[in-house]
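Each remark here refers to the structure printed beneath this line.
The values are calculated or read from the model by the stated rules, or taken from the named source; none is laboratory data. Everything numeric here is computed off the predicted structure, so don't read it as measured data. Neighbour counts are summed over all protein chains in view; Cβ atoms, including those assigned to glycine, are modelled from backbone coordinates with ideal geometry.
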Amino acid sequence: MATETIAPQLRVPVAETRRVSAGLWSDAVWRVRRDPTTLVALLVIVLFVAVALAADFLAANFFHRAFSQQDILSSYEKPDGSEPWRWLGTDELGRSQVVRLLYGARVSLFVGGFGALTALVIGLAAGVTAGYFRGWWDDIVVWLVTTLNSIPRLYLLLIGRCGFFIGSAASSDCEAGQGLRDHHRGLADEPVPDGFWHSLQPDAHRRGPAGTAGHRVPP
């Protein structure tokens, strides 16, 4: 009598079925909700924005310390947990570092948001118009983007500061840069003193002045 063998059934994991997207934004939300890293990053950004916007409330009701309140006797104190305003120590004027950090977050968020929004508007307008009109306008946009990308970012920022900002700080930076350039040019044009290259030789201390044989000291 033959025996029948039944092969074990293997369970095949069913892939997660993706719902039918109703549009671009719903598809983006669907992707974000399934990305833990993005959710944590969004949570941190929201927390930073909330703390920056509530700087006045926190300074008055939690830290009990004003932004510009000074205490010379408490200057350069180490971080201390005895009082909330001492959590990050104090600066040279005895001002609370944690309170000033809250107000400084407003400036950082504004600069970052304004810069990103400006780049988005200019880049989107330039890219859309270049792709639509093409021709000479497309060539100009591509040339401009390629030229700006080829310039080191630090030099580009210095050029923008000196060219577009008018004020004492900008003018002083430009004058300082020009003075540093003139200083290096002056060092390059200054004649080399006599005997300089002779003094750089390894056995110069065993010989006489440059141009003479001198007396060689035995080792």
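Structure data summary
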| read-out | value |
| --- | --- |
| Members of region 72-82 found to be of a type in the set (D, E, K, R) and touching a strand residue (DSSP E or B) at 6+ places or on another chain (Cβ under 7 Å), listed by number | 77 |
| Sole residue being surrounded by 13 or more Cβ atoms within 10 Å (Cβ to Cβ), at pLDDT 90 or above and either out of contact with any Asp or Glu (no Cβ under 8 Å at 6 or more places or on another chain) or among the β-branched types (Val, Ile, Thr) (or both), chosen from 50, 105 | 105 |
| Residue in region 117-124 that is in the same structural domain as residue 70 (by TED's automatic domain parsing), at pLDDT 90 or above, within 30 Å of residue 57 (Cβ to Cβ) and of a type in the set (A, V, I, L, M, F, W, C) present | yes |
| Test: residue in region 90-105 that is under 30 Å from residue 148 (Cβ atoms) and aliphatic (A, V, I, L, M) | yes |
| Failed item in (1) at pLDDT 90 or above; (2) over 30 Å from residue 157 (Cβ atoms), with residue 81 passing the rest | (1) |
| Hits in region 22-44 - residues which are surrounded by 11 or more Cβ atoms within 10 Å (Cβ to Cβ) and within 21 Å of the chain's Cα centre (by Cα) | 38, 41, 42 |
| In region 151-172, the residues that are at pLDDT below 65 and either closer than 18 Å to residue 115 by Cα or not in a helix (DSSP H, G or I) (or both) | 164, 165, 166, 167 |
| Test result for residue 137, assigned to a helix (DSSP H, G or I), in contact with a helix residue (DSSP H, G or I) (Cβ under 7 Å, 6 or more places away or on another chain), in the same structural domain as residue 69 (by TED's automatic domain parsing) and of a type in the set (Phe, Trp, Tyr) | yes |
